[in-house]
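The values are calculated or read from the model by the stated rules, or taken from the named source; none is laboratory data. These numbers were taken from a predicted model, which means no experiment stands behind them. Backbone-built Cβ (ideal geometry, glycine too); neighbour counts: all protein chains shown. For the accessible areas, the whole protein counts, side chains as well, though only heavy atoms, and no ligand, DNA or RNA atoms are used. Shrake-Rupley method; radii C 1.70, N 1.55, O 1.52, S 1.80 Å.
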Amino acid sequence: MPEPTEPLLSSLAAGAGVADRPDALTVAGRSCSREQLLGAAGAVAHRIAGSPSVAVHAEATLETVVAVVGALLAGVPVVPLPPDSGPAERGHILRDSGAALVLGAGQEVPVDLGERADWSGPEADPGSTALILYTSGTTGSPKGVLIPRGAVAAGLDGLARAWQWTAEDTLVHGLPLFHVHGLVLGVLGALRTGCRLVHTGRPTPEAYAAAGGSLYFGVPTVWSRVAGAPDAARELGKARLLVSGSAALPAPVFRDLEALTGQRPVERYGMTETLITLTTRADGERRPGSVGLPLPGTRTRLAAAEGGIGELEVSGPTLFAGYLGRPEATAAAYTSDGWFRTGDIATIEPDGMHRIVGRASTDLIKSGGYRVGAGEVENALLDHPAVREAAVVGVPHDDLGQEIVAYVVADGVGERELIDFVAGHLSGHKRPRRVRFLEELPRNAMGKPQKKLLPPL
């Protein structure tokens, strides 16, 4: 079992002293010290203390970091809102979560980096909820995933050991702040380890190259673009570690990064429901396509394995506490003996290294590092009055990993109108990249669309 963890925010308070620096955190070109962050977050904590939960308009700003830290100080669960979410998605998250307030610049509860207040309230229990993260499943609306404070602390401490991540590092990334990769690893990880954070705003190769980091986070789309900009990529050769996650890193991108930077990227694996459970080590072998070994305290197994391949199941200290208000969905996510069913198909090599080789379901799409449920996009398309039927799939794409493609039966509407319609109802990254019009969808005897029988593009 892993060693006992310190309270989630203990290192933030400890780091806001003599070792602090004015640019301890930089987000989209604006900087603050850890002491400034703690003071502004204290003001937020006083304002929201006692709320059942709060939503944060999670754009890439210092105010977002202040809002999240303030809620965590007060022991109030944080519900990150994608800044590009449409009214339907935003409304669902707010209603489902019961968030009493929305924090952020220009929101119901404004956040001011210049405010200062001391917060002396007790640290919330490790079993209490830190975050309610909304994740797309294969059908229906996104579900709220309850992430305990202790799970976040255990996961970050495990990664710090695996990656030799310390206060001496400078972490650089430009990832969205409403999911695990950008917010939990990319912000709370920096605060917990005490390292400097540079969020580039947009994750362009040029911004990554100019940041001068020792540790970089990116999704495969980011790394593909970095590899396509050789001058920028060579600058990253000065870094200590390049970490890729949220989707499989294509082997050609792995090889190009190695050739340009002189180092092999570290790949890791996790889900919203599990945080990070597997990773290659900073001092270990890094194989293309391998997501490494379990973190301390995490166990893995393959269910119904045939030929060494089966559905990956995990247990350990980083798992979620359930889906908000959905006990049946929570129960279905676990085996009878308490292991979480990831839905991913994996192999485990003789030395324990893991490879993820596919999804148990064809309806979960990973595009540009985002996890998108086909059913949610289909529902948005069907809201258009001209659309009678819709089927959404992920198609392999060199840059995005998968691109979202919609097959529709519709009258009097064009491709661009449908793409824009979905982008206006859901987050922009959930829009189809292409739409193909059909006379009818292939269906089985029960009337269910047969996606494997859809015609090729």
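Here are the numbers for this structure:
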{"read-out": "Helices (runs of 4 or more DSSP H) enclosed by region 1-109 - at least 3 residues per element that are modelled with pLDDT under 90 and touching a helix residue (DSSP H, G or I) at 6+ places or on another chain (Cβ under 9 Å)", "value": "10-15"}
{"read-out": "Residue ID - modelled with the lowest pLDDT, chosen from residues in region 346-359 that are more than 18 Å from Thr272 (Cβ to Cβ) and open to solvent by 40 Å² or more (accessible area, probe 1.4 Å)", "value": "Val357"}
{"read-out": "Some residue of region 111-124 being open to solvent by less than 20 Å² (accessible area, probe 1.4 Å), in contact (Cβ under 8 Å) with a residue 12 or more places away in the chain and outside any loop (DSSP other than H, G, I, E, B)", "value": "no"}
{"read-out": "Within region 236-251, considering residues that are surrounded by fewer than 18 Cβ atoms within 10 Å (Cβ to Cβ) and small (Gly, Ala, Ser), the one nearest to His354 (Cα to Cα)", "value": "Ala251"}
{"read-out": "Among the residues listed as Glu403, Glu417, Glu376, the single one being under 26 Å from Leu133 (Cβ atoms) and part of a helix (DSSP H, G or I)", "value": "Glu376"}
{"read-out": "Residue under evaluation Glu206, criteria (1) in a helix (DSSP H, G or I); (2) touching a residue at least 40 places away in the same chain (Cβ under 8 Å), criterion not met", "value": "(2)"}
{"read-out": "Any hit, region 206-218, residues being of a type in the set (A, V, I, L, M, F, W, C), at pLDDT 95 or above and open to solvent by less than 10 Å² (accessible area, probe 1.4 Å)", "value": "yes"}
{"read-out": "Of all residues in region 300-314 being of a type in the set (Gly, Ala, Ser) and assigned to a strand (DSSP E or B), the one that is least open to solvent (accessible area, probe 1.4 Å)", "value": "Gly310"}
{"read-out": "Selected residue [without any contact (Cβ under 8 Å) to a residue 12 or more places away in the chain, open to solvent by 30 Å² or more (accessible area, probe 1.4 Å) and aliphatic (A, V, I, L, M)] from Ala321, Ala331", "value": "Ala331"}
